[in-house]
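The values are calculated or read from the model by the stated rules, or taken from the named source; none is laboratory data. This structure is a prediction, so every number in the text was calculated from the model and none was measured. When we count neighbours, we look across all protein chains shown, and the Cβ atoms used for this are built from the backbone with ideal geometry, even at glycine.
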Amino acid sequence: MRNRILCCFGAGIFLVTVTNTHAAQGKQAIGTPDGLTAALKLGTTAQEAAEHPELHHRNPRYQLVKDDVLQLNFALTPEFNQTVTVQPDGFITLLGVGDLHVEGQTVPDVTESIRAAYSKTLHNPILTVRLTEFEKPYFIAGGEVGHPGKFELRGDTTLTEAVAIAGGFTESSKHSQVWLFRRVSNDWVETRQFDLKKMLNSGNLREDAHLRPGDMLYVPKNTLSKIKKFIPTSTVGWYFNPTTL
């Protein structure tokens, strides 16, 4: 009987230990980034971001920005048909209604907002809103690339292709540590580091990331470029082999 009690007691301790271990692992799986990916909340430390990750929606709808153009069609009252542009302050001006703030809204959202605005003068207005001009998908390339800047994202583009579009690497680039920044919500940015030097030298692009609209890539300087201004150029070759950096 005593042995049975001890066995049960031991099994209970083992069960508690295993449960606590799984709980800790579960917490780590939620709070710890996968591989080199990290969700960093703007204005917080990496540790705080890891402890408080935030989920985001897949395939988010396009949100209106300044200079977007909307075409409004009223099925039963065509005299109210109009084309409006989102002004620098985020407002549009509607015929017979006045100003309405729409920046940041999706097309379904702005359709409801306009319908509600006109419902004061029209009975159950039947409205169709079409986005005719909008900000085209883009990516940003910074750091040690030939032509840093903002580029239109046309079709399926990978990270290595984006670097080529931006003018390729410079002599000072550290292409073994290329950073990719991706905004996943208004407060969180996902970061990941890629070894493009290894990919290109091996001819294996299986890990080459596919860009999404709004992505930013950054190529830092290599070690030699950071310190070469302090070393006589005639002696650099004695101390450093640029191919190893």
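Points to keep in mind about this one:
- Selection from region 63-80 of residues that are surrounded by 13 or more Cβ atoms within 10 Å (Cβ to Cβ) and under 13 Å from T132 (Cβ atoms): L64, D68, V69, L70, Q71, L72, N73
- Pairs with Cβ under 9 Å, 6+ apart, first in region 158-182 and under 17 Å from G214 (Cβ atoms), second β-branched (V, I, T) and part of a loop (DSSP other than H, G, I, E, B): I165/T157
- If the condition is being over 12 Å from D215 (Cα atoms) and touching a residue at least 40 places away in the same chain (Cβ under 8 Å), then region 134-146 contributes F134, E135, G143, E144, V145.
- The residues on offer are L200, L205, and the sole one that is in a loop (DSSP other than H, G, I, E, B), more than 16 Å from the chain's Cα centre (by Cα) and of a type outside the set (V, I, T) is L205.
- Residue match in region 193-205 (condition: surrounded by 14 or more Cβ atoms within 10 Å (Cβ to Cβ), touching a Gly at 6+ places or on another chain (Cβ under 9 Å) and either at pLDDT 90 or above or basic (K, R) (or both)): no
- Annotation: G149 fulfils all but one of (1) touching a residue at least 60 places away in the same chain (Cβ under 8 Å); (2) surrounded by fewer than 16 Cβ atoms within 10 Å (Cβ to Cβ); the unmet one is (1).
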